[in-house]
Amino acid sequence: MNRLFSLIPAILLFMGCINTDLRIQVRFDQLEGLEKGCPVYFNDNVIGKVEAISLDNERRHIADVIIKSEFAPSVTEYSKFVVSHDPGFPGKKAIEVFQSKDGGVSLKKNSLVIGSNRMSALLDRMQNDVKSGMEIIKEKIERFSKELRSLPEKNAVKNFEKELQHIYDVMKGSSETVRETVKKELLPQLKKELEDLKKRLKELGREEESKPLETQFEKITTL
């Protein structure tokens with residue numbers, strides 16, 4: 001009996017060492033404020049966190065990510081990882097996970113994943129499911145619009161320019177159906193945000209800064 005009791009601490013210690021959380025690495029060209037401790041979101045649920053950030057031999061950023069065991073099966077070969085704003089903490093960053101397709105093989109321990117930008121991940125989803133992809137994009141555009149209005153004009157122009165370039169790059173390789181849906185459903189909202197930003201810049205006597213954005217927007221409409 002005494003021997004049995006003496007084994008219990010060792011058994012409990014062993015059980016505590018068994019960790020079924022999924023550990024993967026995500027490579028990003030730019031961190032955009034992402035740092036150690038930032039959460040990982042999937043469908044508005046926190047499913048993990050960034051454990052560490054380092055540089056590889058080519059000076060690209062590698063985020064070591066831990067996914068909670070109960071969510072690990074949902075992270076698959078079709079998962080896209082993007083740096084986004086943390087909805088729970090304004091001003092902070094997070095990793096957001098999107099599914100470009102349903103199904104797929106779950107990622108294995110220590111997998112290396114190439115990070116995506118937010119808009120390309122959403123448009124990629126649209127290639128497979130236009131309706132659900134468009135609903136997600138609308139939600140993200142609304143969030144982007146709120147963020148844009150809260151930024152100083154200089155940062156707002158920079159962020160808007162980056163977002164338009166992402167849309168243009170991805171739409172070039174998208175199907176005709178996706179391009180037409182984006183033009184109909186997404187571009188009117190972006191046009192409204194562009195006009196609002198132009199108005200802000202005009203009030204400051206800096207309307208010239210909006211012209212590159214207008215040129216970029218026109219390029220998208222001609223695709």
Subset of Lys36/Lys109; Lys154/Lys192; Lys36/Lys199 violating a 30 Å alpha-carbon distance limit: Lys36/Lys199
Once amide H atoms are placed 1.01 Å from N in the peptide plane, what residues at a sequence separation of 5 or more from Val75, or on another chain, have their amide H within under 5 Å of its amide H? Leu107
Just to check I understand the Karplus step: with θ = phi - 60° and J = 6.51 cos²θ - 1.76 cosθ + 1.60, what whole-Hz values come out for the stretch 106-115, glycine and proline as x? 4, 5, 8, 4, 6, 5, 9, 10, 8, x
Could you list which residues have their amide H under 5 Å from that of Lys80, counting only those 5 or more apart in sequence or on another chain, with H placed in the peptide plane? Phe98, Gln99, Ser100
Which ³J(HN,Hα) values in Hz, rounded to whole numbers, follow from the phi angles of the stretch 203-220 under the Karplus curve 6.51 cos²θ - 1.76 cosθ + 1.60, where θ = phi - 60° and Gly and Pro get x? 5, 9, x, 10, 4, 4, 5, 8, 5, x, 5, 5, 4, 5, 4, 5, 4, 5
Using the count of nearby Cβ atoms within 10 Å as a rough guide to exposure, how do Thr76, Thr177, Thr222 rank from fewest to most? Thr222, Thr177, Thr76
5 angstrom amide H check on Val46, placed H, neighbours 5+ away: none
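Every number in this text was worked out from the coordinates using simple rules, so none of it is lab data. What you are looking at is a predicted structure, and each value in this text was computed from that prediction instead of being measured. When we count neighbours, we look across all protein chains shown, and the Cβ atoms used for this are built from the backbone with ideal geometry, even at glycine.
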